[in-house]
Amino acid sequence: MPGLIDAFEANARRAVATVERIASSPAAVRAAVARVVKDSRVIVLGPGEFLSSELMDPLRELPGLVPQPSDEMLSTADAGISSAFAGIASSGSVCVAMGPPLAAAVSLLMPLHVVLVCANRIVKRPRDLFDPACLGGEALKRNLVLITGPSATADMGPLVRGVHGPHRLQIFVLE
Amino acid sequence: MTTMRTVNTQAVQADSPRSVANKSDRQRLLRAIRMALSIQSPAVRRNTQTFNRNRYRATGLLPDYEALKDQARQIKERSIANLPQLIAQLGKTVRERGGHVLLAAGADEACRYVRNVCVRHGARLVVKGKSITTEEIRLNHVLEEAGMEVAESDLAEFILQVADEQPSHIIAPAIHYSRERITALFKRKFQTDLALDTGEELTKFAREILRNKFLHADVGITGANLVAADTGTLMLVESEGNIRMTSLLPPVHIAVAGVEKIIGTRQEMAPFLELLAASGTGQPLTSYTSFLSPPLDDPPFALPGKARKPREFHLVLIDNGRMRMRDDSVFRETLYCIRCSACLNSCANFQTVGGHAFGGETYSGGIGGAWEAGTGRLENARFSELCTGCSRCVNQCPVRIDIPWLNENLRNRLNSASETFLTSGILTTMTGAPEVDQSAPASKLFFGNYHQFAEWGTRFAPLANAIANWGPARSAMERWLGLDGRRSLPAFPGQTLVRAAENEPLTRTEQPTARAVLFADVFTNYGLAHRGVAVLRLLRKMGVDVVVSESVPEGRAALSQGLLATAALYAQRAASLLDHYLDEGRDVIVLEPSSLAMFRRDALHLLENQAQFGRLRSWTFEPLEYITRLIEKSGRKPQEFFDIDRSTVGTRLFYHSHCQQKTIGCAAPTETLLRDIGFDVVSSSVECCGMAGSFGYKQDFYELSMAVGEDLFQQVRTAEEDGGPRALLASGTSCSEQLHAGMNREVLHPVELLAAIVRSSGK
């Protein structure tokens, strides 16, 4: 639904994520991701279980991508790439499953988190995630996180973006 | 690595936050208020008011906000009712999934268990996510005694650990710190040459210290916002990413949660998602909301040199008084609390002093007293005196807890626990208060039974007014009754409203537009009879057949002092009196908003017959609310009833509605009607004026009351910048006194203005 995608985009921007709609083709995905990670020296690719291997595989060729990073490399990597199983329009959130190897790390440890979400997986409100009808009959993952913008704090006085988690959140909506 | 341990060795200075954490007696409470007003007020005010504005905006964007609150309330009611079964079910679920569970009866047992887990793993560094429950059980202290380093990773908790202070807010524990004070603190404690003079620099500085802790921690300890019994899922809400780090990186994760966090199913978490974020920080969702059913399958983090261990998960459920609260018909409601902080941020007193004055050793704000008393000692809840019962938090609570009612009950129990003084004995004899309320302090008996003093005062008005303003008498009143000498006392009029009404011409109307009774509330009857007369003239000109009731207290004053038996007795008497008029088909008009709120809201707790309460709630009206209905019923325009050109105070108004009036939803009609007549109205946006009935008259709270009022006074000044003075209007008796004290100008009730401009027979 175009209305949902528009709302998702607007609300994700309000939460200070960067959002871009791209075509759901291997070339478009690769080009878009390559562009945002071009300054990242060490890049880690998380599990792409929500996207076809046709879309994910070209990403494995990105310069700087470390195929099987050690924990030490994870702790100093510059960018993490992951796929989201859903997006939430009213909050501009992306929903990332945790549990598979690297899934938590790529959405948490690096200063830049790039996340890919399919346009047809955007639900209206957070509570819809709990309704299997909204996710094509799928039950909700056992471990997951709803990510709304980069990490932030107001504890040091003014609002600061970029605390322990990523400082930048780049979302690509695949249409 | 910078060690955190050195910071706890600082000696506690006089009147530091730590030294006033315990407010079990009056002197300490007063010192805490002075400390907060002198140091913390500007930061607390700015930060809580930002939260407050953001919450109004965020909840306003939820199309089904009220329905979500109902759902959340039902889930919590059901969960607490089934708590023993849910605890058993959750224990079974977590164990089946390979985790460990402890139900700890008290703080000692919980701390011992956590310490033993850490010791068994040879832990040297424990990293913690924000958890107010671990503050409650004093966990850090126990782990540090056992030789471990405990690193608080939430930046606010990090600041408090460096400063060695207790939290001052439920979700923003260092809300009392301005950026400037954090800079000074870090420079002092870390002996650094870095500038650290922006939020970004301070955050970077703390992040670098803490990143190391996350990567090297042996154990991670978090709290939980909710726990689902069916799946063992923890819901963890945060913005910084520290809770994710703490729960995901170390091999051992210990979650510490009060038993009240348990709900039946993961599905039931759904309505809380948006409610918690909107009510807390005022966001659609915070940066991270995690749903974890530990232990996770993927291996924990292990840097070189560290053995890669399998994941281990412990859930420590804390009773610590909660099951006793569950058995208490009043305080059970506390367990529905989801710790969102809406009641703190919407509270005018809290906005002004924060949780180091309006809070105990762990919990703060309106709901804090019930938590402190429930998980500790009743005396720890003495700070709940700062709840004025203004009720602004009531509609803000996402699970509909009647927080003022909890605080009135705390006051009642504290009254019974206090010593009986000679003055109390004399006063109980004078007031005839029910026996159970007789142990209350003299000040409470005086304010709670004000109508009796007012009655004598009016009977002997000239003499009483002279005495009331005679120096030695004021000193005595300050000393024995706690009535602050700096407050001017409202003069007793020569005539009560009831007597004045007898002299009013009774215009007979053949076919009245409505039939009504004006309830002669104590404040109007004995203090502001002319306002009551204005209502009579106004309604009679609009064709209403209106009479005045006998003047009886409705119990508001007694309730606010925690004199519950007295309040129930008075509420019942007033309800019976009004029943008689309702039987005659008369609508009840109530001028004083706090009296009206008693009939529309508080009497729910005080009247035995719920049908009687239901009828009272439906047929009591604020005067301008009632007039608006009359105009609507007539199908005519407000200008046909009122002639703005006859206004003697001009057309520019500043209107301040009463706190309880806002809560029961009848502030808006006044603003709308005045605008519809043609007035240029600026409305105050403060939650409460700070006087709050008797609160601001009390010697103990005078400074706080005036500090709260300053926000209101400033709004008047700002509203007058665009073209000169505005006539000041307020609907509450005590609000008028406060506005008068702050601006030193006449303050009118809207009915006085309307009575002056009403057209004859509404033409």
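No lab work stands behind these numbers, since they all come straight from the coordinates. This one's a predicted model, so the numbers in the text were calculated from it and none came from an experiment. Cβ sites come from the backbone with ideal geometry, for glycine too, and all protein chains shown count toward neighbours.
Observations on the structure shown:
- Computed from the C-beta positions of A:His167 and B:Arg78 and an R0 of 35 Å, the FRET efficiency is 0.25 to the nearest 0.05.
- Computed from phi, the 3J(HN,Hα) profile of segment B:263-270 under the Karplus parametrisation 6.51, -1.76, 1.60 (θ = phi - 60°) reads 10, x, 9, 5, 3, 6, 6, 3 Hz, with x in place of Gly and Pro.
- Of the beta bridges in segment B:26-323, as assigned by DSSP with both residues counted there, near 20 percent are antiparallel.
- Pairs over the 22 Å Cα-Cα cut-off, from the set B:Lys189/B:Lys306; B:Lys69/B:Lys662; B:Lys187/B:Lys306: B:Lys189/B:Lys306; B:Lys187/B:Lys306.
- Calculated FRET value between A:Lys124 and B:Glu455, using beta carbons and R₀ = 41 Å, to 0.05: 0.10
- Antiparallel content of DSSP bridges confined to the protein assembly as shown, in %, to 5: 25 percent
- With eigenvalues of the C-alpha gyration tensor scaled by 5 and rooted, the protein assembly as shown, Å: 55, 32, 25
- Alpha-carbon radius of gyration plus Dmax, which is the widest Cα pair, for chain B in Å: 28.2, 97
- Counting neighbouring Cβ atoms within 10 Å and putting the fewest first, the residues A:Leu135, B:Leu90 line up as A:Leu135, B:Leu90.
- Sparse-neighbour loop sites [trypsin sites (Lys or Arg not before Pro); segment B:467-567; at most 15 other C-beta within 10 Å; DSSP]: B:Arg486, B:Arg508
- The alpha-carbon atoms of segment B:26-323, seen along their principal axes, cover 54, 52, 40 angstrom, with the largest extent given first.
- Relative intensity of segment B:497-762 on a log10 scale, I(q)/I(0) at q = 0.08, 0.10, 0.12, 0.13 Å⁻¹, equals -0.31, -0.49, -0.71, -0.84, per a Debye sum over C-alpha point scatterers of equal strength in the absence of solvent.
- Dipole orientation for the protein assembly as shown: of the candidates A:Ala17, B:Ala727, B:Val649, A:Ala17 has the Cα lying most toward the positive pole (charges on Cβ; Lys, Arg +1; Asp, Glu -1).
- Selection from B:Ala468, B:Val535, B:Ile33 lying farthest towards where the dipole of the protein assembly as shown points positive, charges on Cβ: B:Ile33
- When only Cα pairs below 8 angstrom with a gap of at least 6 residues are kept, chain A shows a relative contact order of 28 percent.
- In segment B:307-389, chymotrypsin sites (Phe, Trp or Tyr not before Pro) in a DSSP loop with at most 15 other beta-carbon atoms within 10 Å: none
- Ranking of B:Met323, A:Met110, B:Met691 by count of other Cβ atoms within 10 Å, fewest first: B:Met323, A:Met110, B:Met691
- Candidate aspartates and glutamates for bridging to B:Lys213, where Cα separation is under 17 Å - those fewer than 8 sequence places away on the same chain excluded: A:Asp71, A:Glu72, B:Glu144, B:Glu149, B:Glu152, B:Asp154, B:Glu157, B:Glu240
- When the chymotrypsin sites (Phe, Trp or Tyr not before Pro) in segment B:675-763 are filtered for DSSP coil states and for at most 11 other beta-carbon atoms within 10 Å of their beta-carbon, no site remains.
- Dipole magnitude of the protein assembly as shown, debye to nearest 20 (Cβ charges: Lys/Arg +1, Asp/Glu -1, about Cα centre): 520 debye
- Taking the helices alone, chain B has a mean residue ellipticity at 222 nm of -14000 deg cm²/dmol, built from -39,500 (n - 2.57) per DSSP H run of at least 4 residues and averaged over all its residues.
- Beyond 28 Å, the tail of the calculated P(r) for segment A:2-174 holds 17 percent of the Cα pairs.
- Note on chain B: dipole from Cβ charges, positive end direction compared against B:Thr362, B:Pro441, B:Ala348; the farthest Cα belongs to B:Thr362.
- In a reduced charge model with +1 at each Lys and Arg Cβ and -1 at each Asp and Glu Cβ, segment B:321-364 shows a dipole moment near 140 debye about its Cα centre.
- Charge dipole magnitude, Cβ of K and R +1, D and E -1 - segment A:2-174, Cα centre, debye nearest 20: 360 debye
- Annotation: the antiparallel percentage among DSSP beta bridges lying fully within chain B is about 20.
- Contact order relative to length of chain B, as percent, for alpha carbon pairs under 8 angstrom and 6 or more apart: 12 percent
- For B:Glu584 and B:Trp470, the FRET efficiency from 1/(1 + (r/R0)^6), where r spans their Cβ atoms and R0 equals 51 Å, is about 0.70.
- Directionally averaged shadow of segment B:151-301, computed from the convex hull of its alpha-carbon atoms, nm²: 9.8 nm²
- For B:Glu149, B:Glu136, the sequence from fewest to most other C-beta atoms within 10 Å is B:Glu149, B:Glu136.
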